[in-house]
Every structure is written in C-alpha cells, then in structure tokens.
1. Among Thr183, Leu238, Ala173, which residue has its Cα positioned farthest towards the positive end of the charge dipole of the chain, with +1 placed on the Cβ of Lys and Arg, -1 on the Cβ of Asp and Glu, and the dipole taken about the Cα centre?
2. Taking K and R as +1 and D and E as -1, what net charge do the other residues with C-beta under 11 Å from the C-beta of Pro182 add up to?
3. Considering the dipole of region 2-139 built from charges on the beta carbon (Lys and Arg +1, Asp and Glu -1) around the Cα centre, which of Ile71, Ile61, Leu38 is farthest to its positive end?
4. State the percentage of accessible surface on the chain attributable to carbon and sulfur atoms; use a 1.4 Å probe and exclude ligands, DNA and RNA.
5. Show the residues, 5+ positions off or on another chain, whose built amide H is closer than 5 Å to the amide H of Arg25.
6. Please identify, among Ser248, Ser204, Ser370, the residue showing maximal mean-square fluctuation in a Gaussian network model of the chain using a 10 angstrom Cα cutoff.
7. Whenever you get a sec, line up Arg3, Arg55, Arg60, Arg312 from highest to lowest accessible area (probe 1.4 Å, protein heavy atoms).
8. Ratio of Rg to Rh for region 31-257, alpha carbon only, Kirkwood?
Amino acid sequence: MKRGVDDLALFGGHAEFDQTLLVGRPSTGDRTKLYERLDRALDNGRLTGGGMLVREFEDRIAHMAGTRHCIAVCNATAALEVIIRAQNLHGEIIIPSMTFIATAHAVRYMGATPVFADIDPVTGTIDPDHVETLITPHTTAIIGVHLWGQPCDVDRLADIAHRHNLTLIYDAAHGIGCSHGPTPIGGFGHAEVFSFNATKVVNSFEGGAIVTNDDDFALRVRQAHNFGFIAPGLIGGLGTNAKMSEASGAMGLTSLDVFDEVVAHNKAGYDLYRDLLAGLPGLTVHAYDERHRNNFQYVVVKVDQDHAGLHRDVLLDVLRAENVYALMYFSPACHQLEPYRSEHPVTLPHTERLAEQVIALPTGPATTSSDIHRVCEIVRFAIEHSAEIVEAFGRIDLNSCKN
Ligand code: T4K
C-alpha cells in the first residue's frame with residue numbers, strides 16, 4: 001500500500017511485486033496431457049510434416065473457426081507471407097498501422113508495399129472509409145486486422161473488396177474464439193490467419209494457422225507451406241517450409257483443451273479491471289462490443305494525458321518500477337517505425353492518438369484477482385497523485401530507474 005509518492009518504487013520505495021507480473025504469460029494447460037501427446041509423437045516417429053497431432057489440431061481449429069480448411073503453420077507471420085505469395089499479391093496492399101509490426105513486415109518482405117489506413121477511433125480497427133480513399137490502380141489487396149480480437153467492419157470491407165476486385169485477407173492473430181455477431185472469426189474474406197505464439201490465448205510455443213473456405217486456395221496454400229510438394233517427390237511450384245511441428249501440435253491441443261476456462265478467467269479479470277479502474281479521470285478500460293464474442297486476452301487501458309494529469313509513458317514507468325511489466329500493444333504504430341516512416345511518411349490522426357495512449361495490462365491464467373487488485377491500486381494511486389508524480393518525475397534520472 002503506497003501512502004505517499006516517495007513509496008513508489010520509481011522514487012526509491014519497495015516494489016509492489018517481488019516477481020515480475022507479465023502480459024502474455026503462456027496458457028499451457030495440463031502438463032500430463034502435453035507429455036502424453038509428446039510421448040505419442042516420439043513413439044510414432046512422425047515429428048513433423050503431416051503428423052497426427054497437427055492434423056487433429058487443424059481439425060479442431062477449423063471447427064472453432066467454422067471453416068472447411070485449416071492449414072497449421074510455424075507462425076502467423078509466415079502464414080501471411082505464404083498467403084501473399086499463393087495469391088500472387090504485389091503492388092500495394094492496404095493494411096492498418098495499428099497492428100503488430102508483423103502485418104506490415106509480411107507484406108513488405110514479400111515485395112509488396114504496405115499502404116497504411118487509419119482506424120475507427122472507437123474500436124481501433126481499420127477504417128473502411130479511409131481504405132476506399134487509398135485504392136489506386138496498383139492496389140491488389142486489403143488486410144484487415146481484428147485488433148485485440150474485435151472483428152473489423154467485415155461487411156463494409158467485403159463490399160469494397162468486391163467493388164474494386166481486391167483480395168481481402170484478415171490478420172486474425174488475436175482472434176481465435178472471437179466472433180462477428182454469431183459468426184466465428186475465421187471464415188471472412190479470402191482467408192484468415194491465427195497466431196498461436198506463446199503469448200496468445202491458444203499457445204503452440206510458436207505457431208499459426210491459415211483458415212479458408214476456398215478449396216482450391218487451401219490446396220495451393222497446403223502445397224506452398226511444404227516446399228510446393230503436391231505428392232511425395234513431386235513439386236507443383238514454388239514453396240517454402242512453414243510447417244507446424246508435432247511438438248507445437250501437442251502444445252496447441254493441450255492449450256485448446258483449457259480454452260473455455262482461460263477465456264472465462266480472462267473475462268473475470270477484465271471485468272475486475274473495469275470495476276476497479278472505473279471513474280478515474282483520463283483513464284478508460286477499452287470496451288469490447290458485446291454483440292461480438294471476445295477472448296479477453298488483451299486488457300487495454302487508454303491514458304488521456306489532458307485529463308489523467310500524466311502521460312501514458314509516466315504511468316508505464318511507474319508500473320514497471322513496481323514490477324508490473326505492462327506493454328504498449330501497439331505503440332509506436334507501424335507507420336511510425338522503420339523502414340516505413342522514412343520511406344513513406346504519412347499522418348494518421350486516430351492511429352497516432354490511440355498509439356500514444358495504450359497500455360496492455362497483465363492478464364491470462366497466471367494473473368490472479370489479487371494481482372489485479374494490486375495493479376489497480378498502483379494505477380489509481382498514480383492517477384490520484386499525478387501532479388506530484390510528474391513533478392518528482394522531472395527531478396529523477398529515469399535511466400537509473402528503468403528495468
Ligand atoms: N499480427 C498481429 C496483429 C500480431 O499481434 C502478431 C503477433 C502477428 C501478426 C504475428 O504472429 P506470430 O508470427 O508471432 O505468430 C509478441 C509476440 O511475439 C507476437 O506473437 C504477438 N503478435 C505480439 C503482440 O506480442 P512481443 O515482442 O511483445 O513478445 P515478447 O516475446 O516480448 O513477449 C511479450 C511478453 O510475454 C513478455 O514480456 C513476457 C511474456 N512471455 C513471452 C513469451 C514469448 C512469456 O511469459 N513467455 C513466453 O514464452 O511480441
């Protein structure tokens with residue numbers, strides 16, 4: 001319990017947490033089941049390239065996503081790259097800048113140019129009106145991002161893509177188990193991509209999946225993610241190695257087994273954060289539209305300096321000094337990072353405002369309600385003492401305090 005500003009760890013007080021509280025602690029599920037699955041793979045001798053665990057994982061993800069096809073891959077970045085190549089996308093691809101750098105890099109890495117669209121200021125997802133103004137004769141595709149598991153405006157984007165004859169892809173890295181109304185994320189656009197990185201709500205160590213209802217495209221992607229093989233010894237075209245291993249399949253299945261419990265835990269944590277942080281000036285817990293299902297893997301607060309009395313970065317420093325390793329998902333936005341900011345400088349007002357305000361707070365199975373109470377006490381204390389903190393902050397050597 002902090003009584004005065006001097007009690008904050010940033011100013012020499014004792015840190016609230018002895019062990020660092022992290023955003024993105026993996027959801028691992030039952031280890032015995034994981035080891036049993038690994039044993040089966042080891043006994044069977046098929047460790048990658050179409051093993052039984054990856055096949056089972058693909059079936060379960062396709063079922064959750066409501067799609068005819070799922071191709072498991074080594075990570076979501078590779079998945080985006082495989083799709084871009086399989087669809088022969090080139091020229092300009094419109095994407096939001098409010099996303100992880102992987103979305104932009106996948107486009108650029110495959111030789112196309114990412115063109116950054118601004119966002120809807122309420123949801124933070126890509127703004128269809130702005131997308132439409134960015135279309136040129138060089139545009140070949142739109143990649144929407146279901147930011148923090150919230151669906152993009154899928155109807156408007158489908159209409160735009162249809163009218164301009166563009167491929168529509170979704171980066172659904174955050175979107176497993178989420179929906180647009182009653183429809184699961186997964187079957188929108190030409191294809192969607194999930195991430196099963198260790199930090200995600202479903203974890204396969206590293207991993208991802210491409211889901212689609214297009215039979216021909218699914219076949220091409222399955223070939224392209226395995227060197228272009230169409231049959232043993234027979235190459236049908238260009239390909240890469242983006243396969244998921246059986247170890248990842250084992251982890252993914254074991255993590256999926258506890259998906260409902262994890263989402264329930266996340267939702268309870270999210271509700272608690274929202275209750276405990278209610279009414280603080282300048283601080284908002286990002287609200288998820290209740291018409292859509294969310295997995296609550298991201299608890300994002302927005303700090304409006306004008307009303308909170310301190311900048312987001314100051315609150316972040318306060319939290320990190322207390323061993324709460326909050327993260328900025330996503331800040332800076334992609335267009336503010338290299339190589340994009342030098343190559344194609346653009347101004348995106350809504351994106352820039354959101355990127356300046358966001359903090360993702362710890363959640364997931366490793367975060368207890370007691371942890372959340374303690375984190376919220378720090379946040380509340382910081383906002384209530386913002387003037388003193390900013391004053392004291394101006395006097396310290398930050399480099400000696402940062403982790
Ligand atoms: N599109 C979007 C919209 C994405 O958000 C992402 C990835 C992608 C595409 C690409 O997906 P993948 O190719 O990765 O499948 C992390 C993840 O590495 C990345 O997967 C994720 N999004 C992004 C939002 O977050 P970092 O650089 O913040 O991760 P890292 O490794 O610093 O981990 C964050 C925190 O999680 C750490 O402070 C500690 C904790 N952690 C992390 C790992 C890996 C653990 O406790 N255990 C772990 O094993 O990017």
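1. In the chain, that residue is Leu238.
2. Every neighbour counted, the sum reads +2.
3. Leu38
4. C and S fraction of accessible area: 51 percent.
5. For Arg25, the qualifying residues are Thr363.
6. So, out of Ser248, Ser204, Ser370, the one fluctuating most is Ser370.
7. Sorted descending by solvent-accessible area, the residues read Arg3, Arg55, Arg60, Arg312.
8. Using only Cα positions, Rg/Rh for region 31-257 is 0.98.
The values are calculated or read from the model by the stated rules, or taken from the named source; none is laboratory data. For clarity, every value in this text was computed on a predicted model and none was experimentally measured. Note that each Cβ is placed from the backbone with ideal geometry, even for glycine, and that neighbours are counted across all protein chains shown. Just so you know, the surface numbers come from the protein's heavy atoms only, side chains and all, with ligands and any DNA or RNA stripped out. Shrake-Rupley method; radii C 1.70, N 1.55, O 1.52, S 1.80 Å.
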